[in-house]
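Right, one structure below, let's go through it.
Bear in mind that the values in this text are calculations on the coordinates, not laboratory data. All of these numbers come straight from a predicted model, not from anything done at the bench. All Cβ positions, even for glycine, are placed from backbone atoms using ideal geometry, and neighbour counts span all protein chains on display.
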Amino acid sequence: MPKRNNISMSVIRRLPRYHRFLRHLRNKGVTRISSTELSAKLGLTASQIRQDLNCFGGFGQQGYGYLVDQLSDEIAKILGLRNEYKAILIGAGNLGQAIASHMNFTEDGFSLVGIFDNSPFKIGNRINGIEVLEMEQLEPFCEREKPVMAVLCVPREAVEELSDRLCALGIHSFWNFTHCDIVVKHPDAIVENVHLNDSLMTLCYQIQAQDEKEEEPGS
């Protein structure tokens, strides 16, 4: 397999989409699919799909296509989805509760082992079978469980101090739902930022662009 640092993030970001669709095909009993069929379903070119997969050695045969089970398993292996990295979630508000309740962490490479909050109204509650612990228990919990990733669902003003605290505990990977850029202070951190507002504004732009196109003369 090629060195991972030689593969662009644009390729990596398409892999979960391939895996999600292949999992859907597997559940429907589909056993084989061509790159042309994949491209029609995913809105990408067959050439793009083949180029992406060839970054990791390629898994299909010309004129035969891809075995759905095999390709799904290979992409899962590339993404590390079997590792079950231990993760904690901090901030058991509405967003944190929704993530802890409805995300299947195990299917996506992680095992959610702890949830923390500083609100007395949330501490002691159970979300998806996991008890919400007070923040004072963070250090002993992390020393015992050794999580490697933290999901951050806290106010922006709390992130700087919290990221310092987590990095000191050996946690350097973050699924960040705040609007604070952690890597400014911790350049070695691995951060996947999730900005729901950015996504919504992007959708707004596309709707506006479509409206303007339809208003053009002759359209």
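Structure notes:
- Max mean-square fluctuation residue, GNM over the chain, Cα-Cα springs under 10 Å, options H186, H19, H102: H102
- Stretchable slack from E157 to H179, in nm (0.36 nm times residue separation minus alpha-carbon distance): 7.0 nm
- Shape category assigned to region 85-197 from the gyration tensor of Cα positions, a/c cut at 1.5: rounded
- Cβ-placed point charges (K, R +1; D, E -1), dipole of the chain about Cα centre in debye, nearest 20: 1120 debye
- Karplus-derived HN-Hα couplings along region 77-91 (A = 6.51, B = -1.76, C = 1.60, θ = phi - 60°), whole Hz, x at Gly and Pro: 5, 4, 6, x, 6, 9, 6, 6, 4, 6, 9, 10, 10, 10, x
- Amide hydrogen neighbours beyond the local backbone of R32, cut-off 5 Å, H modeled: V68
- Rounded, prolate or oblate (a/c below 1.5 giving rounded, otherwise prolate when a/b exceeds b/c) for region 15-99 by Cα gyration tensor: prolate
- Shown here for region 118-219: trypsin sites (Lys or Arg not before Pro) in loop regions (DSSP other than H, G, I, E, B) with at most 14 other Cβ atoms within 10 Å, namely K185.
- Relative to its Kirkwood radius, the Cα radius of gyration of region 112-169 gives an Rg/Rh of 0.93.
- Once Rg and the Kirkwood radius are both taken over the C-alpha atoms of the chain, their ratio Rg/Rh works out to 1.04.
- Low-density loop positions, chymotrypsin sites (Phe, Trp or Tyr not before Pro), region 112-150 - DSSP coil, at most 13 other Cβ in 10 Å: F121
- Entries in K28/K77; K41/K77; K28/K213; K77/K122; K122/K185 that, when Cα-Cα distance is taken, lie over 28 Å: K28/K213; K77/K122; K122/K185
- Residue-averaged [θ]222 nm for the chain, counting only DSSP H segments that reach four residues, each worth -39500 (n - 2.57): -13500 deg cm²/dmol
- Choice from N83, N54, N125 showing the highest fluctuation, given a GNM over the chain with Cα pairs closer than 10 Å: N54
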